[in-house]
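Q: What follows is a single structure, and I will ask about it in a moment.
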Amino acid sequence: MASQDGRYTLVTRAADGDRFDVLGSVVAAYPGTDQASWLRLLASPDVRALTLTVTEAGYLRRAGGGLDLDRPDVQSDAQALRADPTAPVHTAPARLLAGLAARRAADAGPLAVIPCDNLPDNGAIAQRVVRDLAELVDPGLAGWLDGSVSYVTTVVDRITPKTTPEDARTVAEATGVSDRCPVVTEPFSEWVLSGDFPGGRPRWEDAGATFTGDIAPYEQRKLWLLNAGHSLLAYAGSARGHQTVAEAVADDTCRSWLEQWWSEAAPSLPADEVGAYRVALVDRFANPRIRHLLAQIAEDGSVKLPVRILPVLRQERAAGRIPEGAARILAAWLRHLRGAGAPVKDAHADDVLPLAKGPLTDAVPRVLGYLDPALGDDEAVVAAVCSFADGG
């Protein structure tokens with residue numbers, strides 16, 4: 001991007017063709033290893049808002065939700081920052097804390113941190129892990145964070161597959177421009193934000209962003225319908241030989257499983273929006289020109305499933321029901337861990353892969369218990385997951 005002066009091609013890929021727009025909103029780009037530039041920018045009073053996307057696994061949370069302070073990489077970064085606040089660090093929480101420490105030292109004013117990952121209440125999650133690390137590094141810094149940094153919760157809804165060499169070739173053929181970093185996405189887009197911006201913010205609403213005081217309905221709709229639907233197709237669809245979301249949703253069996261899951265999740269969502277959103281999702285998933293790889297979606301299931309599947313599962317169990325759609329997704333993930341479908345790439349693979357080995361009657365309660373100890377003890381849920389896992 002630096003060699004292109006921050007410009008890149010946005011390819012909006014509809015079922016009937018592509019639209020190519022050159023975007024120039026990025027004024028500078030730096031390598032992730034450029035710690036000096038990172039600290040300099042966060043120390044600038046001209047910077048009032050910081051967006052970040054580090055994936056669900058990037059927050060390095062332990063089971064209770066806070067930062068996993070026992071991780072060697074977290075301990076190493078904490079030690080480095082205690083010795084020198086400007087030292088190079090490697091984890092996302094530590095890099096964020098280093099930037100905020102530089103801002104404090106420069107007395108650069110308040111800042112809004114705006115995480116954009118697929119997690120409910122992602123603003124509070126970012127705040128928790130950063131503050132946990134600050135308490136370990138410098139309790140005084142932790143106190144400054146409370147008064148100077150706000151955390152904005154967001155929902156970002158736009159399917160954007162990983163860019164491929166073929167995408168770059170398509171841009172070159174259509175526009176005559178060699179673009180090393182095009183972005184391919186679908187026509188649908190939604191950005192919802194909730195929180196305070198003490199230093200001010202751009203008028204993002206002029207570009208279609210929504211600001212709200214109650215973001216939970218937006219979070220749940222997206223996580224339970226789009227993201228959970230993606231997880232179902234990633235594990236069950238790849239096990240049936242499909243490579244992309246469009247291929248999987250065109251499979252009548254996968255489509256029926258998807259509709260079953262959506263019907264389980266729908267009663268817990270605002271009724272006036274669910275029907276239209278489901279119809280739109282089918283069209284979005286079925287877009288044959290968006291090659292959203294199931295293997296990419298399947299990554300980090302141990303982190304994704306607790307926020308995509310378990311809330312609905314718990315609500316159904318509280319009502320005395322066994323949600324077959326949820327059980328099927330968990331069974332598909334278990335089979336994925338046992339070698340079915342897409343290859344396993346998970347931040348907690350060393351923990352979950354051994355649990356998935358052996359007879360299903362042993363593996364299922366172990367794996368469910370990893371996600372939530374209460375699930376591993378729920379005999380009815382264990383039996384349902386065993387049944388679907390055994391039947392494929």
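Q: Compare 254, 181, 116 in a GNM of the chain, Cα atoms joined below 10 Å, and give the one with the largest fluctuation.
A: Highest fluctuation of the listed residues: 181.
Q: May I ask you to give the solvent-accessible area per residue for the chain, in square angstrom, as obtained with a 1.4 angstrom probe?
A: 45 Å²
Q: Could I ask something else about it? According to the square roots a ≥ b ≥ c of the eigenvalues of the Cα gyration tensor, what is the shape class of segment 270-392, taking rounded for a/c under 1.5, prolate for a/b larger than b/c otherwise, and oblate for the remainder?
A: Taking the square roots of the gyration eigenvalues as a ≥ b ≥ c, segment 270-392 is oblate.
Q: Looking at the square roots a ≥ b ≥ c of the eigenvalues of the Cα gyration tensor of segment 1-100, which shape do they give, rounded for a/c under 1.5, prolate if a/b is larger than b/c, or oblate?
A: Oblate shape, in that a/c is at least 1.5 and b/c is the bigger or equal ratio.
Q: If the elastic network links every pair of Cα atoms under 10 Å, which of 96, 81, 23 fluctuates the most in the Gaussian network model of the chain?
A: The residue that fluctuates most here is 23.
Q: Counting only protein heavy atoms and a 1.4 Å probe, tell me what percentage of segment 145-295's accessible area is made up of carbon and sulfur.
A: Within segment 145-295, the accessible surface is 51 percent carbon and sulfur.
Q: Another question, then. Which one of 123, 147, 237 has the biggest mean-square fluctuation once the chain is modelled by GNM with Cα springs under 10 Å?
A: 147
Q: As an exercise, use a Förster radius of 30 Å and the Cβ-Cβ distance of residue 76 and residue 166 to find the FRET efficiency, rounded to the nearest 0.05.
A: Step by step, r from the Cβ atoms, then E = 0.20.
Q: Let me ask another. Under a point spin-label approximation (7 Å from Cα along Cα-to-Cβ), what is the residue 196-residue 211 distance to one decimal in nm?
A: Placing both labels 7 Å along Cα→Cβ, they lie 1.4 nm apart.
Q: Residue 321 label point, 7 Å along Cα→Cβ, cut-off 20 Å on backbone N: hits in segment 348-392?
A: Once the point is set 7 Å along Cα→Cβ of residue 321, 375, 378-388 turn out to lie under 20 Å by backbone N, inside segment 348-392.
Q: Continuing with the same structure: Answer with a single label: of (1) 27, 50, 19, 4, 0; (2) 25, 56, 19, 0; (3) 22, 48, 25, 5, 0, which was calculated as P(r) over Cα pairs in 20 Å bins from 0, in percent from the structure in view?
A: Given (1) 27, 50, 19, 4, 0; (2) 25, 56, 19, 0; (3) 22, 48, 25, 5, 0, the structure-derived one carries the label (2).
Q: A further question follows. Compare the peptides 182-189, 87-94 by average per-residue count of other Cβ atoms within 10 angstrom and give them in order, highest first.
A: Taking the mean over residues of other Cβ atoms within 10 Å, the ranking is 87-94, 182-189.
Q: Go ahead and run the numbers for FRET between residue 15 and residue 345, Cβ-Cβ distance against an R0 of 25 Å, rounding to 0.05.
A: It comes to 0.30.
Q: I would also like to ask the following. Sorted by average packing, counted as other Cβ atoms within 10 angstrom per residue and highest first, what order do 103-111, 126-134 take?
A: Descending packing order for the listed peptides: 126-134, 103-111.
The values are calculated or read from the model by the stated rules, or taken from the named source; none is laboratory data. Predicted model, so just to flag it, every value in this text is computed and none were measured. With ideal geometry, Cβ positions are generated from the backbone for all residues, glycine too; neighbour counts draw on all protein chains shown. To get the accessible areas, we keep the full protein, side chains included, count just its heavy atoms, and leave off ligands, DNA and RNA. Shrake-Rupley method; radii C 1.70, N 1.55, O 1.52, S 1.80 Å.
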